[in-house]
Amino acid sequence: MDFKALFSQLVVFFGKLTQPQKIIIGTAVAGIVAFLIFLILYTSNGSTDQNEGYQVLFDQLNGQDAAQVIEQLEKDKIPYRIPRENVIEVPKEVVYKERISIASLGIPKEGHVGFELFDKQEFGATNFDQEVKFRRALEGELARSIDSLSPVEKSSVSLALPKETLFVSEEVPPSASVMVQLYPDRKLTSKQIRGIKKLVAAAVPKLTVENVALIDSEGETLGDNDTASAMGELSSIQQQYKTKEEKKQEEKIINVLAPFIGGKDRVVAKVTIEYDFSEQSSTSEKYDPENVVRSEQTLEEKRDGATPPAVGGVPGAVSNIGPVEGLNSNGAGEKYEKTTGTTNYEVSKTVSTTKMEFARIKRMTAAVVVDGKYEPKKDASGAPTDEIEYIALDETQLQAIDALVKQSIGVDEQRGDQVSVRNFEFQASKEGMKPQNTASKTSEFIATYLTPFSSLFKYIIVGIILFVAYKKVIIPFAERMLEFSREEEEFEKPDLEIADDEGEDLAEKVQQMRKKVENQLGLGDNFNEDELKYDVLLEKVREIAEEHPEEIASLIQTLIEEEGTPTNDMSRR
């Protein structure tokens, strides 16, 4: 598409319009452009920011912090405004600079002081001062942790830490109190309440959960019925588990029977499971009757030699000094050997600790209802009719279904599990088996094949409408603007006629001059008035052609075309 030619034709077309038409088209175009500009600016920047140019500096400030921020802004000569409570806005070009500048001064404060109290050491601080600072820091850190919970808007923690004493009988346990302010329409769950108490108790030595008091901004004590709440949550968890497992078993039965019964809508299954949720743990010791050697010890003693000879006789030198080397001895040899063994036996045993699972099935029952068969009723001659006849399942089929159900859900008869299978006529199935008329068939076809793609059809229909509009409206309009509509192009013919007064004056002047020239040339009175008019008209046409060449060219082209195609012009008219 030649956009340049299209633009030139639009200019020509606009030039042919009347003044009211130009005003209407110009107003409509200006309105559309203004609306688009307004829409873009409004959606991108927002009406408030576009008009004012302010952005939020700080929000959710308390009264003290807000006063300090305003004081600092006035000191820095920064304009500000307060659109709503606890919110301060400044011009957007200085919002980041002022936010950093004010934050460097410690404004706004977070509302709780923590262990940053010990960042600066004070000379001359007593032990009592240090204890107070430590308690304030610990309370602030705990409050910050509690504020991080989503339902809590702000909190306050107070600790009562008694002095340590050497006497156990005089020792007083520490305690704590916590006050929480919740957001509107929010509340703490039992689990969150127990978590807050455990958090505070774990941060303070010797502090127990029972000594932590928790209240809300309305003065209502929270967590007094912790035992009842815990039991209620446990009961809810057990019920959810029971319902989930029963639903799972029901889906197993339906998925097994649906293929040959005729669909999931022709099977109804309900399962009830009785659980034992009591916590049990057992420890057992088993002894092995066969002895096991724990240790064994063996001691052996051996000695080999002879008995020293005995010296006897009359007391004297020989008897006193003993046997003399070189004398023959007839003493017998001696050999000694001893073996001692010790074996320790121990009876072996096995110690096992068993903890039961979360839930144990005590008994399971299942009730299954299945639909029968539907066939056209036959007349006396055996030909099928339009009426539908219900045929119940026989006993063999019911027994097969019963066996499938037991195997699918794992029935244990020793545990007392029971399964009941019954066959009934489903009214919905019977109504669906009836012959359908044309309207019913059409509705069923639409619901089955067209309804799932309804969201896609919307886009297809919109695309078709846009395509038809492009083909039938936009393209013909563009082609109409590109081609010259000869029947609508009306060019103003140049005014070639000479006014009567002007013609008479000009003719008289020309005639006088002509007569003067003729008299000078000696031509006499041979003067032709028609030739003079022709010369005047020709000169007038020449002047007009020089002043308006394009209009004369268009006029000549139009005259030539009209002379060449008279039939077409008549038919168009």
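The values are calculated or read from the model by the stated rules, or taken from the named source; none is laboratory data. Since the structure is predicted, the reported quantities are computational estimates derived from the model, not experimental observations. No Cβ is skipped: glycine too gets one built from the backbone with ideal geometry, and neighbour counts run over all protein chains shown. The protein model used for the area step is the full one, side chains on, heavy atoms only, and it has no ligands, DNA or RNA in it. Shrake-Rupley method; radii C 1.70, N 1.55, O 1.52, S 1.80 Å.
Of the cross-linked pairs Lys247/Lys406; Lys97/Lys120; Lys270/Lys355, which ones have a Cα-Cα span greater than 21 Å in the structure shown?
Details: Lys247/Lys406 16 Å; Lys97/Lys120 27 Å; Lys270/Lys355 31 Å.
Over 21 Å Cα-Cα: Lys97/Lys120; Lys270/Lys355.
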### Task
Pairs to check: Lys198/Lys248; Lys133/Lys163; Lys154/Lys198; Lys4/Lys472; Lys191/Lys242. Give those whose C-alpha atoms are more than 26 Å from each other in this structure.
Lys198/Lys248
### Summary
So, with points 7 Å from each Cα along the Cβ direction, the Tyr96-Phe424 label distance in nm works out to 7.2
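For Thr27 and Gln297, compute 0.36 nm times the residue count separating them, minus their Cα-Cα distance, and round to one decimal in nm. Can you show the working numbers first?
Values: separation 270, 0.36 × 270 = 97.20 nm, distance 12.00 nm.
Additional length available on full extension: 85.2 nm.
Between beta-carbons, use under 13 Å as the cut-off and find the net charge around Arg135, counting Lys and Arg +1, Asp and Glu -1.
Numbers: positive: Lys133, Arg136, Lys163; negative: Asp129, Glu131, Glu139, Glu141.
That works out to -1.
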### Query
In a shell of Cβ-Cβ distance under 15 Å around Arg360, excluding Arg360 itself, what net charge do Lys and Arg (+1) and Asp and Glu (-1) give?
-2
## Note on the structure
Sorted list, accessible surface of protein heavy atoms, 1.4 Å probe, largest first, for Lys97, Lys471 is Lys97, Lys471
